[in-house]
Each structure stands twice: as structure tokens, then as C-alpha cells.
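To start, the structure under review is shown below, and the notes come after it.
The values are calculated or read from the model by the stated rules, or taken from the named source; none is laboratory data. In this text the structure is predicted, and so the values were computed from the model without any measurement. As a convention, Cβ positions derive from the backbone with ideal geometry for all residues, glycine included, and neighbour counts pool all protein chains shown. Quick note on the areas: whole protein, heavy atoms, side chains included, nothing else; ligands and nucleic acids left out. Shrake-Rupley method; radii C 1.70, N 1.55, O 1.52, S 1.80 Å.
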Amino acid sequence: RVDSTAAVAAGLPMSQMERLINVMLAKLGDARLGFEIGWRLPPTAFGAVGQAMLASATLGDALRAGQRYWPLIGGGLSLQVSIEGDTCVLDFVPTFPVPEVFRRLMLEAALAGVARAIGILAPTVMPLGEGWFDFPEPSYAPALRERVPALRWGMPATQVRAPAAALSTPLPMA
């Protein structure tokens, strides 16, 4: 069990947040909770940060805006962006230790939310990219692949990976 001194975005001690998540998972009967949360959050859900992303000239500009303000919207996770050869890598790393159920939920929500945002901002890009998870493939993986076909589990990190050339994709709401 993680010490309750760790704060989360809602201001709940980690022990209470863990209890809340376990209750939600039990009541809903659906372990896809994290992915579903992330998938249902359009960029506009992030207020001014989302508006800045939507108004960006290119996908790269939107990514820079999202990365700059990530601490405001991605509590508990850091977002590191790098270019590896011809691939743009968005790497999600928990910023403090959390129980495994919460860690998976946070990582699935972040990856799904970013994949969904990319799909909204530049629909032609995400089919070319893929999502990686650093934990074993869950039983509900087929349902997640219906939305993001190129998902892989058991990878060295949790990342969204897309062609670096896609960063120059113009956005329609610029």
C-alpha cells in the first residue's frame, strides 16, 4: 500500500483514491475504466490548454502546447517527448509510486486521451502511429484495439509513437 501523503489531482490521499477506484471498478464491472476515461476526453475538456492545442498551426505546435502545460492536465504522470530516428515518442512516466491498479488506470487514460486528441486534431496521423504499454496484455485488449488498432503490451515503456513527419501536419482550426 502506498503512503497516503501522496496527493492526487482531486486532493484525495492516495489511500482514498485507491479505494474509490476499486469501488468504481467493482460497481462498473469493467476493467477498461482508465482507457474509457481517456478516450472520452476531447481536447476541449482541458479548457484553455485544449483550446491552445486546437488553435495550433501544426500537430507539432499542438504537441508543444500540450507538453508545456501537461502538469496542469496530466497529474501523476510526466510527459517526455523525443524524436527517435523518424519516430516522435511521447513517453508517460508516473511521478510517484502508486498501486498497480491505479498505475494502469492512469497510463491507459493518458495514452487513450492523447491518441484520441491526435485523432481529433489530425485524423490521418493516428492510424500511422501506435500505443505501447509497459505491462502485460489485459483480457480486454481486443475492445481497446477497436479504437486504437496498433496497441502493444509488454513493451519497455508506455508511449504513443507516431511518424515524426506528422508533426508538420497542418491543423484545420489554426
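Short-range pairs are left out: with C-alpha atoms under 8 Å and at least six residues apart, the relative contact order of the range 38-84 is 23 percent.
Centre-to-centre separation between the Cα atoms of the range 136-150 and those of the range 64-98: 22 Å.
Quick one, which of (1) 10, 39, 36, 14, 2; (2) 9, 31, 30, 22, 7, 0; (3) 11, 44, 39, 6, 0 is the actual P(r) over Cα pairs in 10 Å bins from 0, in percent calculated for this model? Of the labelled values, this structure produces (1). Scanning residues 5 or more positions from Cys88 or on other chains, those with amide H under 5 Å from its amide H are Ala162, Ala164, with H placed 1.01 Å from N in the peptide plane. Exposed loop sites, defined as trypsin sites (Lys or Arg not before Pro) outside DSSP H, G, I, E and B with at most 13 other Cβ atoms within 10 Å, are absent from the longest region of the chain, namely 41-174.
Segment Arg145..Ala26, full-extension length gain: 40.5 nm, with 0.36 nm per residue of separation and the alpha-carbon distance subtracted. Taking every full run of DSSP H in the chain, the ones that stretch at least 18 Å from end to end by Cα along their long axis and average -0.5 or higher on the Kyte-Doolittle scale are 14-28, 100-121.
If you sort Met53, Met24, Met173 by accessible surface, 1.4 Å probe, largest first, the order is Met173, Met24, Met53. Structural descriptor for the chain: relative contact order 26 percent, calculated from alpha carbon pairs under 8 angstrom and at least 6 residues apart.
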